[in-house]
Amino acid sequence: MTVDAHQHLWRAGDGYTWLDEPSLAAIRRTFTPADLRAAIATTDVRRTVLVEGGRCDPAEAATLLDHARTTPEIAGVVAWADPASPDLPAVLRGYRALPGGGRLVGIRAQVQGEERDYLDRPDVRRGLDAIGADGLAYDLVVRVDQLPSAARAAHELPHVRFVLDHLGKPRIRDGAAGFAEWHAAVAPLAAAPNVTAKLSGLVTEADPAGWTVEDLRPYVVAAVDLFGPGRLMFGSDWPVCLLAASYGRVRSALGEALPELSEEDGAAILGGTATAVYGLNALDATDVDSSRRHPWH
């Protein structure tokens, strides 16, 4: 069973101000669980991880966890929280107390909008330590120039499960120079055994209007070499991926870009790694409210 380790849902006008960018008009609308179900219907994806969508507001967590509670396909939620906040422990307790709180599997903040060495700050490190101690994974959405800071954090906080989103957002459209810059920066992070990575978000880091599988393949092959299949997971980054490709095309492109793998290694990338890292099998199926399994029309 394939697990999509990275997808979003949001309601237009509900605080997602980044969608005001003119180039994002195609995804500046509400995306619901019904839309997710339609997107995955023609693929082999059966479970997903719902990730915060850049609203940067603790109130978003209640909506996402409720989606997980009422949507069998959503196996876990990575919610937003500020790791530098002194209120972080209370925020995490509050999330767990919400309806669907048992499906909280990770935390993410928009580090890509911060300074280069943000993850070196003592207050941020304390927050990362607390997130790890709480049993949650920490998703890293970072720029390439922030990868060295991420590597230092991962090596110095070995008990925290770090998940690198979108392979660190390499500059794929910059060709060989972009690949060299990314490879040198990501290798030290990949050397930390407590870091896994998502093969996600690559079609929009390439040329959205003209990308090919050949553009993605060097990054996918290098990621397999650096992390190994047991520390990689598939993610669609839907609906952001719609700026460049349909859900089904993103799923098929990964299969085309991957090197030849054993059945076991392929299964790890397509679901095993995400299941293990986010503890999806440990979630009690009764967390899903069967009386509201299909509330969308």
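Read the figures in this text as sums done on the coordinates, not as results from a lab. Nothing here was measured: the structure is a model prediction, and the numbers come from that model. Note that each Cβ is placed from the backbone with ideal geometry, even for glycine, and that neighbours are counted across all protein chains shown.
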* Structure fact -> Assertion target for Arg231, Arg173, ordered by fewest C-beta neighbours within 10 angstrom first, is Arg173, Arg231
* To do: Kindly provide the helix-only [θ] at 222 nm of the chain, computed as the sum of -39,500 (n - 2.57) over DSSP H runs of four or more divided by all residues, to the nearest 500 deg cm²/dmol?
  => -10500 deg cm²/dmol
* **Most mobile of Ala79, Ala190, Ala133 in a GNM of the chain (Cα contacts under 10 Å)** => Ala133
* To do: Could you work out which residue, out of Val91, Val142, Val160, moves most in a Gaussian network model of the chain, that is, has the largest mean-square fluctuation with Cα springs under 10 Å?
  => Val91
* Structure fact -> Whole-number value, in Å³ per residue, for the convex hull of the alpha carbons of region 2-282 is 117
* Asked: Ordered by residue, what ³J(HN,Hα) values in Hz, to whole numbers, does region 25-33 give under the Karplus form 6.51 cos²θ - 1.76 cosθ + 1.60, where θ = phi - 60° and Gly and Pro are x?
  -> 4, 5, 10, 8, 7, 6, 10, 10, x
* Alpha carbon convex hull of region 99-245, projected area averaged over orientations, nm² -> 9.1
* What number, in percent, do you get for the relative contact order of region 2-282 if the mean sequence gap of Cα pairs under 8 Å and at least 6 apart is divided by its residue count? -> 19
* Structure fact -> When His6, His155 are ranked with the fewest other C-beta atoms within 10 Å first, the list becomes His155, His6
* Gaussian network model of the chain, Cα within-10 Å springs - most flexible of Ser252, Ser236, Ser149 -> Ser252
* Counting residues in region 8-66 as N, plug N into 2.2 N^0.38 Å and put the Cα Rg over that result. => 1.20
